[in-house]
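Input: a single structure, listed below in structure tokens.
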Number of protein chains: 2
Amino acid sequence: MVLVTRSDLNLSKGKLAAQCSHATAECILKAKRTAPKTLERYLAKGARKIVCSTSNLDSLKRIFGEANESGLVSYMVKDAGHTEIPAGTVTVVGIGPGPRSTIDTITSSLPLVK
Amino acid sequence: MVLVTRSDLNLSKGKLAAQCSHATAECILKAKRTAPKTLERYLAKGARKIVCSTSNLDSLKRIFGEANESGLVSYMVKDAGHTEIPAGTVTVVGIGPGPRSTIDTITSSLPLVK
């Protein structure tokens with residue numbers, strides 16, 4: 001699973017972790033419904049999670065579109081806006097679980113969040 | 001859901017987000033198996049996630065023990081050790097979804113991660 005965040009939002013450490021956790025929860029539940037065997041394999045292999053970033057909203061939406069077109073499990077988080085950012089702000093796209101090579105085609109050029 | 005992290009590990013932003021995401025995935029799957037109605041209610045109400053911290057491993061283990069004793073869904077993440085920290089390092093405890101008042105009894109004194 002790859003979690004694509006937005007570097008332009010400058011979210012705090014805690015906020016970023018919460019947003020990535022939202023994306024993870026939704027992707028896991030979606031996979032449980034639509035790709036249960038893929039989910040099982042993913043969990044059995046250590047449930048790898050990569051957190052990377054893109055520079056802005058347009059780019060994040062493009063990545064989400066590509067994930068959907070590839071038939072990957074994916075989810076775009078819109079924040080409820082309780083803290084730090086306005087309600088409805090798109091913060092993270094979760095992609096996977098799914099075939100690593102397909103996910104890598106979309107995300108391999110993105111920098112890791114340090 | 002509350003994600004309790006360890007401030008003494010000084011994890012990077014990306015690493016912390018990945019560890020919290022691990023805890024979230026496991027708590028969601030555990031709730032799906034053992035407390036599906038609680039999970040449904042949680043998701044319907046916005047799937048709130050709080051990221052806070054405690055200062056060391058002993059304290060994190062005590063918190064995990066308290067969550068278990070209270071009958072809450074919970075999960076302790078041991079990192080695979082691919083980056084930043086040695087394999088087997090306990091990084092995060094996820095607690096919930098569950099009754100907010102019960103979770104708060106255990107975690108309300110912990111500082112939020114900023």
Members of the range B:11-49 found to be within 18 Å of A:K78 (Cβ to Cβ) and either of a type outside the set (A, V, I, L, M) or in a helix (DSSP H, G or I) (or both), listed by number:
B:A17, B:S21, B:T24, B:Y42, B:L43, B:A44, B:K45, B:G46, B:R48, B:K49
Note down all Cβ pairs under 9 Å where the first residue falls in the range B:56-79 and is exposed (fewer than 14 other Cβ atoms within 10 Å of the Cβ) and in a loop (DSSP other than H, G, I, E, B), the second is modelled with pLDDT of 95 or more and of a type outside the set (D, E, K, R), and they're at least six residues apart or on different chains.
B:N56/B:S7; B:G71/B:G98; B:G71/B:T102
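For the range A:100-114, name all the residues that are in a loop (DSSP other than H, G, I, E, B) and in contact (Cβ under 8 Å) with a residue 24 or more places away in the chain. Let's see the steps before the verdict.
Applying the first criterion (in a loop (DSSP other than H, G, I, E, B)) to the range A:100-114 yields A:108-111, A:113-114.
Those that are in a loop (DSSP other than H, G, I, E, B) and in contact (Cβ under 8 Å) with a residue 24 or more places away in the chain: A:L110, A:P111, A:V113.
Which members of the range A:1-10 meet the condition of being within 11 Å of chain B (Cβ to nearest Cβ) and assigned to a helix (DSSP H, G or I)?
Just the residues of the range A:1-10 that are within 11 Å of chain B (Cβ to nearest Cβ), to begin with: A:1-3, A:5, A:7, A:10.
Matches in the range A:1-10: A:S7 only.
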Just to verify a result, which residue in the range B:80-99, among those that are part of a strand (DSSP E or B) and over 19 Å from B:G46 (Cβ atoms), is farthest from the other protein chains (Cβ to nearest Cβ)?
B:V90
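The values are calculated or read from the model by the stated rules, or taken from the named source; none is laboratory data. Keep in mind that what you see is a predicted model, and the values were worked out from it rather than measured. A quick note on method: Cβ atoms are made from the backbone with ideal geometry, for glycine too, and the neighbour counts reach across all protein chains shown.
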